[in-house]
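Read through the structure below, which is laid out as structure tokens, and then see the notes.
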Amino acid sequence: MPEGHSVHRIARQFDRNFLGKILHASSPQGRFIEGAAVLDGREAVSVKAVGKQMFLEVEGDLWLRVHLGLYGAWDFAGEIVIDPTIASANGRMGQTNQRGTDLAADEPILDSAGENSLSSIGAPRRTRVHVRMSEQTKGLADEGVEWPPPIVGQVRLRLMTDITAADLRGPTACVLQTPDEMLATVAKLGPDPLVGDPAANEERFVQAVRKKSTPIALLLMDQSVVSGIGNVYRAEMLYRARLNPHTPGRDVPEELVRALWHDWVRLLAIGVETGQMMTMDDLAPDQYRAAMASRDDRHWVYHRAGLPCRVCGTEIVLEEIGARKLYWCPRCQT
């Protein structure tokens, strides 16, 4: 499932490529025909991400709410303006890593899973749609490229401007909301480090965790407790905190709960900047580039069932909790 960093990156792409422009909306799949008809011809006014959900405002006091869920993704095509504050989503690294090492290079760092792909943000998948990425948008994509791009697969919603297209596939939710309905949806979500007052967000998280007997591993995945954390970040944050995932929330010391929040603030910022769920610190430049290119090299415990812990050598355990896979080290996280 796309986690919070991906949705914030999607919102930024909409901000730079769709806001202030008239939308041409359609539902090639046919499952959102009425909604697309309402959106068609309206100007995109604003966009925001809260956790795993994106809200796109259009003129007429109307909001499009999209929750990608397990399989959803947005595919972008045409002229794409890259947000200069984050790493280019085609894998070209121009940011610095946690140690401040400059990683700018001519060749891109490619992720075979497609996680860091502008052409598909959300569930990793390959796309047949040509994408041209540039800081300036002058004209359409390269000469000879078909426009509008052909429909590929089951597209729930296509949003287009004169030069940019965004196709939505496989979302859990794609609905229109009034302003009050949008606010009610957001009110049910836990704090997001990139939305609202930082101090108030931290206090909300601490209070929500400390009053519950639910295992901390489940609380971190509860979107009413904290927004945006999924299976990968959950496992990695618990390991980084050396915290047993079965510890009841109310038994986690307050200072450790706050440390979890601060770690989420930091990891989310890295994820938005790089497009990758990078959770290992203090890597040398060559190690960092390897980690950005391969998921197997960027996590402490996630997806490492049966392999030795990177710190103590104990076999990483895989178990199911809340119908989701949990990876953890029974020694480091005792």
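Given the criteria surrounded by fewer than 18 Cβ atoms within 10 Å (Cβ to Cβ) and assigned by TED's automatic domain parsing to the domain that holds residue 198, does residue 299 qualify?
Working: surrounded by fewer than 18 Cβ atoms within 10 Å (Cβ to Cβ): no; assigned by TED's automatic domain parsing to the domain that holds residue 198: yes.
Considered against the rule, which asks whether it is surrounded by fewer than 18 Cβ atoms within 10 Å (Cβ to Cβ) and assigned by TED's automatic domain parsing to the domain that holds residue 198, residue 299 comes out as no.
Regarding region 213-222, can at least one residue be identified that is more than 16 Å from residue 263 (Cα to Cα) and either touching a residue at least 40 places away in the same chain (Cβ under 8 Å) or assigned by TED's automatic domain parsing to the domain that holds residue 70 (or both)?
So far as region 213-222 goes, yes, one or more of its residues are more than 16 Å from residue 263 (Cα to Cα) and either touching a residue at least 40 places away in the same chain (Cβ under 8 Å) or assigned by TED's automatic domain parsing to the domain that holds residue 70 (or both).
Being on the phi > 0 side of the Ramachandran plot, basic (Lys, Arg) and out of contact with any helix residue (DSSP H, G or I) (no Cβ under 6 Å at 6 or more places or on another chain) is true for just one of 289, 234, 266, 242. Which residue is that? Before the answer, list the steps.
On the way: 289 fails: on the phi > 0 side of the Ramachandran plot; 234 fails: on the phi > 0 side of the Ramachandran plot; 266 fails: on the phi > 0 side of the Ramachandran plot.
Of the residues listed, the single one that is on the phi > 0 side of the Ramachandran plot, basic (Lys, Arg) and out of contact with any helix residue (DSSP H, G or I) (no Cβ under 6 Å at 6 or more places or on another chain) is 242.
Can you give me the number of residues within region 1-46 that are within 23 Å of residue 193 (Cβ to Cβ), in a loop (DSSP other than H, G, I, E, B), touching a residue at least 60 places away in the same chain (Cβ under 8 Å) and among the aliphatic types (A, V, I, L, M)?
1
Residue 300 versus (1) within 13 Å of residue 280 (Cβ to Cβ); (2) more than 19 Å from the chain's Cα centre (by Cα); (3) at pLDDT below 95: which is the lone unmet condition?
Condition (3) is where residue 300 drops out.
Criterion first (under 17 Å from the mean Cα position of the chain (by Cα) and in the same structural domain as residue 154 (by TED's automatic domain parsing)) does residue 40 satisfy it?
Taking the combined requirement at face value, the residue does not satisfy it.
Which members of region 214-239 meet the condition of being surrounded by fewer than 23 Cβ atoms within 10 Å (Cβ to Cβ) and among the acidic types (Asp, Glu)?
222
Would you say residue 240 is of a type in the set (Lys, Arg), within 23 Å of residue 309 (Cβ to Cβ) and under 22 Å from the mean Cα position of the chain (by Cα)? Before the answer, list the steps.
Details: of a type in the set (Lys, Arg): yes; within 23 Å of residue 309 (Cβ to Cβ): yes; under 22 Å from the mean Cα position of the chain (by Cα): yes.
Here the answer is yes, as residue 240 does meet what is asked.
Out of region 192-213, which residues are surrounded by 15 or more Cβ atoms within 10 Å (Cβ to Cβ) and not in a helix (DSSP H, G or I)?
Those that are surrounded by 15 or more Cβ atoms within 10 Å (Cβ to Cβ) and not in a helix (DSSP H, G or I): 192, 193, 194, 195, 212.
So if I check each of 286, 282, which one is more than 26 Å from residue 219 (Cα to Cα), surrounded by fewer than 22 Cβ atoms within 10 Å (Cβ to Cβ), without any contact (Cβ under 8 Å) to a residue 12 or more places away in the chain and not polar (S, T, N, Q)? So that I can check it myself, show each step before the final result.
Working: 282 fails: without any contact (Cβ under 8 Å) to a residue 12 or more places away in the chain.
Selected residue: 286, the only one of 286, 282 that is more than 26 Å from residue 219 (Cα to Cα), surrounded by fewer than 22 Cβ atoms within 10 Å (Cβ to Cβ), without any contact (Cβ under 8 Å) to a residue 12 or more places away in the chain and not polar (S, T, N, Q).
Consider only pairs whose beta carbons are under 8 Å apart and that are at least six residues apart or on different chains; among these, list those whose first residue lies in region 199-212 and is among the polar types (S, T, N, Q) and whose second residue is in a loop (DSSP other than H, G, I, E, B).
201/191; 201/192; 201/193; 201/195
Which ones in region 161-191 are assigned to a loop (DSSP other than H, G, I, E, B) and not aliphatic (A, V, I, L, M)? Break it down stepwise before answering.
We begin by selecting, within region 161-191, every residue assigned to a loop (DSSP other than H, G, I, E, B); these are 161-163, 170-172, 178, 188-191.
Of everything in region 161-191, those that are assigned to a loop (DSSP other than H, G, I, E, B) and not aliphatic (A, V, I, L, M) turn out to be 161, 162, 170, 171, 172, 178, 188, 190, 191.
Which of the residues that make up region 16-50 are surrounded by 17 or more Cβ atoms within 10 Å (Cβ to Cβ) and within 30 Å of residue 190 (Cα to Cα)?
If the condition is that a residue be surrounded by 17 or more Cβ atoms within 10 Å (Cβ to Cβ) and within 30 Å of residue 190 (Cα to Cα), then 17, 18, 32, 35, 36, 39, 44, 47, 48, 49, 50 are the ones that fit.
In region 246-265, how many residues are among the aromatic types (Phe, Trp, Tyr) and either over 16 Å from residue 229 (Cβ atoms) or surrounded by fewer than 15 Cβ atoms within 10 Å (Cβ to Cβ) (or both)? Walk me through how you get there before you give the answer.
Going through region 246-265, the residues among the aromatic types (Phe, Trp, Tyr) turn out to be 261, 264.
With either over 16 Å from residue 229 (Cβ atoms) or surrounded by fewer than 15 Cβ atoms within 10 Å (Cβ to Cβ) (or both) added as a condition, the list becomes none.
Count: 0.
The values are calculated or read from the model by the stated rules, or taken from the named source; none is laboratory data. This is a predicted model, so every value here is computed, not measured. Methodologically, a virtual Cβ is constructed for each residue, glycine included, from the backbone with ideal geometry; neighbour enumeration extends over all protein chains shown.
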